[in-house]
Amino acid sequence: MARIVAFSNQKGGVAKSTTVEAFASELTSRGFRVLMVDMDAQPGNLSLHVGADKGRPGTRELLAMARPSEAGVAACIQEAGGFGDVIAADEGLDAADDRLNARVGRERILDRALAPIQGRYDFILVDTPPALQVRTLNALAAADDVIIPTTAGLSSIAGIGSVLDVLGDLAEVAGHRIGLVGIALVDWEARLRLSKELRVVVEMLAEERGARILGSPVRHATAAAQAQRHGKSLGDYAPGSDVLADYRELVTAYLEALGLEQA
Ligand SMILES: Nc1ncnc2c1ncn2[C@@H]1O[C@H](COP(=O)(O)OP(=O)(O)OP(=O)(O)O)[C@@H](O)[C@H]1O
Ligand SMILES: [Mg+2]
């Protein structure tokens, strides 16, 4: 059964989608079967970066199913080359939130929809919008693990706390316990004094709230944005880059934390 991993931070533009894409291509190249689920309706979202056809059924159809069947869910999946498979999101997803909000058990819709195909994959990676709204709640409520990407900025770090608060509520109200809560320091200018100070802040927050920092920081590098612009994975676009090496280490740190790879 796939582990479902939600990538979330309340703050926008903190490399959530970039991190999902890097995990997807790295895990795929290591032989894992990977599905990405795009829960973000923004035009420049993950679906665009991985070359998905937004005209085909995707997240909107997935979340609209009253009784998800294996064939129905499979029809929402498309191949995304070196990234594995994807359930894509288009701009119409925002407009469907009213319907989601009106449903009974509204934060467990994704969890129930993924169940029929969970045996087909090793990892299901869920990208979320930069807000703690109903789709983000669905991602967190479905998750076995949560990875919180954060850049070296105060609002990004504040966004970690908001995600941890929701996880606390989910545990208390719905009895949903997360396996691993990992903070990923990404797009991180490690040499700057401010970054060093902020790292200490994140370490304290993690310690206090039962989360952990995964591996070492992923450096800032223009290759990250350029790869997305070309619709390529970092491995294809910039095989010798530092940022790819950093993401590889991050994936290894995650697998080690799960006990799937030896430290
Ligand atoms: N390590 C990096 N070095 C340089 N730029 C990066 C790095 N990681 C991500 N970026 C760039 O930062 C921008 C924001 O990244 P991304 O879209 O992944 O963030 P996001 O958190 O998913 O944003 P949103 O909240 O809007 O969904 C993008 O232009 C991306 O290319
Ligand atoms: Mg994003």
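Miscellaneous remarks
- Of the residues Ile178, Ile160, the single one that is outside any helix (DSSP H, G or I), surrounded by 14 or more Cβ atoms within 10 Å (Cβ to Cβ) and among the aliphatic types (A, V, I, L, M) is Ile178.
- Counting only helices (runs of 4 or more DSSP H) wholly contained in region 31-85, the ones carrying 2 or more residues that are more than 14 Å from Ala113 (Cα to Cα) occupy 46-49.
- Criterion applied to Ser155, Ser195 was being among the hydroxyl-bearing types (Ser, Thr, Tyr) and either more than 16 Å from ligand 1 (Cβ to nearest atom) or out of contact with any strand residue (DSSP E or B) (no Cβ under 9 Å at 6 or more places or on another chain) (or both), and the one residue passing it is Ser155.
- Residues satisfying the stated conditions in region 50-69, i.e. farther than 10 Å from Ala96 by Cβ and surrounded by fewer than 21 Cβ atoms within 10 Å (Cβ to Cβ): Gly51, Asp53, Lys54, Gly55, Arg56, Pro57, Met65, Ala66, Arg67, Pro68, Ser69
- Subset of region 14-46 (residues that are near ligand 2 (Cβ under 10 Å from one of its atoms) and at pLDDT 95 or above): Val14, Ala15, Lys16, Ser17, Thr18, Thr19, Val20, Glu21, Asp38, Met39, Asp40, Leu46
- Check on Gly13, outside any helix (DSSP H, G or I), without any contact (Cβ under 8 Å) to a residue 24 or more places away in the chain, within 13 Å of ligand 1 (Cβ to nearest atom) and closer than 30 Å to Ser216 by Cβ: no
- Residues located in region 16-36, provided they are under 15 Å from Ala89 (Cβ atoms) and away from ligand 1 (no atom under 14 Å from the Cβ): Leu35
- Filter pass, Glu249 being over 22 Å from Val163 (Cβ atoms) and at pLDDT 95 or above: yes
- Residue within region 90-102 that is assigned to a loop (DSSP other than H, G, I, E, B), farther than 17 Å from Tyr121 by Cβ and away from ligand 2 (no atom under 16 Å from the Cβ) present: yes
The values are calculated or read from the model by the stated rules, or taken from the named source; none is laboratory data. Note that the structure is predicted; figures quoted are calculated from it, not measured. Cβ atoms come from the backbone with ideal geometry, glycine included; neighbour counts cover every protein chain shown.
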